[in-house]
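What follows is a short report on a single structure.
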Amino acid sequence: ESATAATPSLRKPAVPVLTDEEPVALLDGICKTLSACDGQEPSWAVSWDEKKCYATAEVSLLGVPHKFVGAHRNSEDEAKSDAAKRILWYLQVPGYSDCFEPNPRSEAFLAKEIPAPPTNWASNSADGGSLQAAQKKTTLMRVQNRLQQLLARRLKPGQSVWEWSYETDPEDSSWPPLCQASVVIASVGKCFEGPWVRGQREAQIETSLEVAQALNSGVLMQELADADVHGDEVSNGQPSPHKRE
């Protein structure tokens, strides 16, 4: 997704004062007829901050969703109108091209490069949980890929990068049952155990997060380096356990 490079500040309008509905309607009409917008009207979201609100519009430009945020206003109509005017200015629609100018004091205006957007700026706050859930589901694959790259020269043909085992609570009658996953990375001589959680899949993900933490901290890299220096064949020994602190 993309965002504008600089936050506009309001100039004295070069067009007659319009009603709050007119800029929104004009923007809808332009987006429906503009080929760059694929005939898609903007989608709107309005958020309240104490007694004022601001509107966020998402516009598809050349197949890329762009999000625009307006200033705080007293009503939803005023907020949507303000955001629509900014988009019309951005698109250089006649009559709106002189309504705004880049804010000369903004970080985006002063920086040599466009600053990174805030975390999850392109998602509504309600989507945050869904985004985190999706990222969590890919954790297992991402950690496995990292291990395969790290241990490629130590793995024998057909050898798995890790071996999983699971333990369930025999006294737990709920579904999914409480489960703890353990993974052995034999080529490093390490065993990781995750917390008890409900469901085998969740247990596997939690344990893979333990492995990811060891990768990020450099623990596995250091142990591999030490093994290479001393010529250790850790894959033939008993793996040492690594549990959550």
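For this structure, a couple of remarks:
- Within segment 142-193, if we keep just the residues that are part of a helix (DSSP H, G or I) and of a type in the set (A, V, I, L, M), the residue that is nearest to S208 (Cα to Cα) turns out to be V143.
- Enumeration of residues in segment 33-90 that are out of contact with any strand residue (DSSP E or B) (no Cβ under 7 Å at 6 or more places or on another chain), among the basic types (K, R) and touching a residue at least 40 places away in the same chain (Cβ under 8 Å): K85
- Number of positions in segment 141-176 that are modelled with pLDDT of 85 or more and crowded, with 17+ Cβ neighbours inside 10 Å: 4
The values are calculated or read from the model by the stated rules, or taken from the named source; none is laboratory data. As the structure is a prediction and not an experimental result, all values here were calculated from the model. Note: ideal-geometry Cβ built from the backbone for every residue, glycine included; neighbour counts use all protein chains shown.
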